[in-house]
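Reviewing the structure listed below.
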Amino acid sequence: MDTPIYRFKELASTNDEAMRLAQGGAPAFTAVVADSQSSGRGRNGRAWVSPGGTGLYASLVLHPAVRAGDIPLLTLLCGLSAAEAIRETTALDARIKWPNDILVNMRKVAGILCEASIPADGDPIAIAGLGVNVNTLPRDLPERPLFPATSLVAESGHCHEREEILSKWIERTRHWTRVLESGGAREVVAAWNALDALRGAGIRVTQAGGPEVNGTEAGADAEGRLLVLAGDGALHRILAGDVKLNV
Ligand code: BTN
């Protein structure tokens with residue numbers, strides 16, 4: 001089934017436009033794509049640099065019919081779908097850093113920002129926003145201390161079609177949402193774990209208002225939490241946090 005794709009030359013943020021459309025009744029998998037964004041947002045209040053002509057900036061409306069406990073898996077499945085889309089369209093070995101940063105050769109090539117709204121008189125609305133550095137030249141990428149920014153062209157040596165990545169991402173997100181909606185949480189988590197970029201690595205997780213956790217990255221659990229095995233044998237389950245490599 002086809003759903004509309006709304007295209008814009010420039011938007012402040014495709015997530016805002018997708019939320020506006022969703023609140024006006026747009027169906028699940030309605031997509032919004034912009035050639036550039038003037039106020040692209042990343043996770044944790046960071047900006048997402050969104051120059052025109054080179055990157056993919058897209059958002060999808062989701063009306064997930066899943067139980068509340070599976071909501072964190074929604075954010076994982078959007079990243080999983082993005083990693084699969086990049087792998088299939090570029091043949092690059094795209095992997096996922098929990099919860100949903102997409103890395104190629106341990107450098108960040110894409111990210112997902114999931115935002116939700118719970119209207120007083122309706123079902124929850126979720127928006128999944130995907131930003132991919134597609135044909136961005138290294139000199140135009142933002143500075144990032146760990147997991148430095150990269151682009152698909154920088155990693156593969158040739159340009160890629162933004163449209164192909166977009167349609168594959170929509171297709172894979174539809175697929176995994178159907179799986180989750182029909183009780184396949186374990187299948188989603190298994191597919192995510194198979195593409196985990198940091199499995200077995202020594203990591204440090206900072207949590208807002210919580211303790212810093214150090215240990216070995218042990219994948220995601222059935223609820224989408226990150227498992228960290230500490231040196232004293234304790235297994236920590238992280239619901240939200242920022243993951244860094246212990247170097
Ligand atoms: C991150 O890694 O911090 C998430 C980045 C998400 C960026 C995308 S670009 C399309 C959509 N619109 C936004 O304002 N943000 C997301």
Do the conditions hold for S36, that is, is it assigned to a loop (DSSP other than H, G, I, E, B), in contact with a Gly (Cβ under 7 Å, 6 or more places away or on another chain) and either without any contact (Cβ under 8 Å) to a residue 60 or more places away in the chain or farther than 23 Å from T177 by Cα (or both)? no
Report, ordered by the first and then the second residue, all pairs with beta carbons closer than 6 Å, sequence separation of six or more or different chains, a first member in region 120-146 that is under 14 Å from A82 (Cα atoms) and touching a residue at least 60 places away in the same chain (Cβ under 8 Å), and a second member that is near the ligand (Cβ under 10 Å from one of its atoms) and in a loop (DSSP other than H, G, I, E, B). G131/W48; N133/G55; V134/G55
Of the residues in region 1-19, those that are outside any strand (DSSP E or B) and either within 13 Å of the ligand (Cβ to nearest atom) or of a type in the set (A, V, I, L, M, F, W, C) (or both) come to M1, A12, S13, T14, N15, D16, E17, A18, M19
Just one of S50, S39 is under 28 Å from G122 (Cβ atoms) and hydroxyl-bearing (S, T, Y); which is it? S39
Residue that is farthest from the ligand (Cβ to nearest atom), among those in region 123-162 that are surrounded by 12 or more Cβ atoms within 10 Å (Cβ to Cβ) and assigned to a helix (DSSP H, G or I): S156
Would you mind stating whether R204 is in contact (Cβ under 8 Å) with a residue 40 or more places away in the chain, out of contact with any Ser or Thr (no Cβ under 8 Å at 6 or more places or on another chain) and closer than 25 Å to A18 by Cβ? no
Candidate set from region 91-119 (those that are assigned to a loop (DSSP other than H, G, I, E, B) and more than 24 Å from A65 (Cα to Cα)); member that is farthest from the ligand (Cβ to nearest atom): A91
Scan region 29-47 residue by residue and report those that are of a type in the set (A, V, I, L, M, F, W, C) and modelled with pLDDT under 95. A47
Restricting attention to region 77-102, the residues that are at pLDDT below 95 and out of contact with any strand residue (DSSP E or B) (no Cβ under 6 Å at 6 or more places or on another chain) number exactly 1
Filter region 42-57 for residues that are more than 6 Å from the ligand (Cβ to nearest atom) and not in a loop (DSSP other than H, G, I, E, B); which is surrounded by the most Cβ atoms within 10 Å (Cβ to Cβ)? L56
Yes or no: I203 under 21 Å from L113 (Cα atoms), β-branched (V, I, T) and not in a loop (DSSP other than H, G, I, E, B)? no
Please name all residue pairs, on different chains or six or more residues apart, with Cβ atoms under 8 Å, provided the first residue is in region 42-54 and is over 24 Å from G241 (Cα atoms) and β-branched (V, I, T) and the second residue is near the ligand (Cβ under 7 Å from one of its atoms) and modelled with pLDDT of 95 or more. none
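The values are calculated or read from the model by the stated rules, or taken from the named source; none is laboratory data. Every value quoted in this text rests on a predicted model; they were computed, and no experiment measured them. Reconstructed Cβ throughout: ideal geometry from the backbone, glycine too, with neighbour counts over all protein chains shown.
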